[in-house]
Amino acid sequence: MDCLTFGCPVLLRGFTNKDEPVTEIKLDIALKELDVTMEEFIDLCILCGCDYCDSIDGIGPTKAYKYLKESKNIEGVLEFCKEYNKDLKKKKKYICPEENFDYEEARTLFKEPLVKDPETVDLKWTSPNFEGLKEFLCKEKGFNEGRIESAIKRIEVFLLKN
């Protein structure tokens, strides 16, 4: 789903399930129906969970949308959570991860992705360096280690079949 957050105009999903139809999501229609700007959409996606930082415990898509509509950005949602958590009568608290919630860097990555000119890239197909991949994605780019390990396992199974 991060493709939409990067500004991809159309996303097709559902190619892996024979029983479900392929779903087409158009970014311009999604923004209009959600009644959000692209900047708000990026913040919504970060709050819902993205590959570049952790999310706030206790805030899923519904609450993320509601609080974002009220406060317009992540900073406002964080301020709301801070005030909400001060109320001692509230049993449920919103837990913002101390580490790994660099939403500002995630926001920058979505707005200004590092893109190479494809004409300057010389691709050579070899066996994957899974340890190097994991090191790069988890330690350098902050991806969730469990998600990366799961993806690597799926790739290994695929490679064994082919």
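The values are calculated or read from the model by the stated rules, or taken from the named source; none is laboratory data. In this text, all values refer to a predicted model and were calculated from it rather than measured experimentally. Please note: Cβ atoms are built from the backbone with ideal geometry, for glycine as well, and neighbour counts cover all protein chains shown.
Do any helices (runs of 4 or more DSSP H) entirely within region 26-102 hold 1 or more residues that are over 29 Å from LEU12 (Cα atoms) and in contact (Cβ under 8 Å) with a residue 24 or more places away in the chain, and if so, which?
74-86
Applying the selection to region 49-64, what residues are surrounded by fewer than 18 Cβ atoms within 10 Å (Cβ to Cβ) and not charged (D, E, K, R)?
Hits for region 49-64 are GLY49, GLY58, GLY60, PRO61, THR62.
Within region 119-127, identify whether any single residue is exposed (fewer than 15 other Cβ atoms within 10 Å of the Cβ) and in a helix (DSSP H, G or I), and answer yes or no.
Within region 119-127 (the criterion being exposed (fewer than 15 other Cβ atoms within 10 Å of the Cβ) and in a helix (DSSP H, G or I)), the answer is yes, since at least one residue qualifies.
Take the residues in region 25-38 that are surrounded by fewer than 18 Cβ atoms within 10 Å (Cβ to Cβ) and in contact with a Lys or Arg (Cβ under 8 Å, 6 or more places away or on another chain); name whichever of them is nearest to ASP102 (Cα to Cα).
Applying the filter and picking the extreme gives ASP35.
Can you go through ILE95, ILE74, ILE148 and tell me which one is buried (at least 16 other Cβ atoms within 10 Å of the Cβ), over 25 Å from ASP35 (Cβ atoms) and among the aliphatic types (A, V, I, L, M)?
Working: ILE95 fails: buried (at least 16 other Cβ atoms within 10 Å of the Cβ); ILE74 fails: over 25 Å from ASP35 (Cβ atoms).
The match here is ILE148.
Read through the list (1) within 30 Å of GLY60 (Cβ to Cβ); (2) at pLDDT below 90; (3) outside the structural domain of ILE59 (by TED's automatic domain parsing), then give the number of the only condition that GLU145 fails.
Exception for GLU145: condition (2).
Considering only region 128-146, I want to know if a residue exists there that is more than 16 Å from the chain's Cα centre (by Cα) and part of a loop (DSSP other than H, G, I, E, B). Steps first, answer last, please.
Initially, region 128-146 is screened for residues more than 16 Å from the chain's Cα centre (by Cα), giving 128-136, 139-140.
When the remaining residues are screened for being part of a loop (DSSP other than H, G, I, E, B), the result is 128-129.
Yes, region 128-146 contains at least one residue that is more than 16 Å from the chain's Cα centre (by Cα) and part of a loop (DSSP other than H, G, I, E, B).
What about THR108, is it among the β-branched types (Val, Ile, Thr) and assigned to a loop (DSSP other than H, G, I, E, B)?
Details: among the β-branched types (Val, Ile, Thr): yes; assigned to a loop (DSSP other than H, G, I, E, B): no.
No; evaluated as a whole, the condition is false for this residue.
Does at least one position in region 43-53 carry a residue that is at pLDDT below 95, over 30 Å from PHE136 (Cβ atoms) and outside the structural domain of LYS134 (by TED's automatic domain parsing)?
Looking through region 43-53, none of the residues is at pLDDT below 95, over 30 Å from PHE136 (Cβ atoms) and outside the structural domain of LYS134 (by TED's automatic domain parsing).
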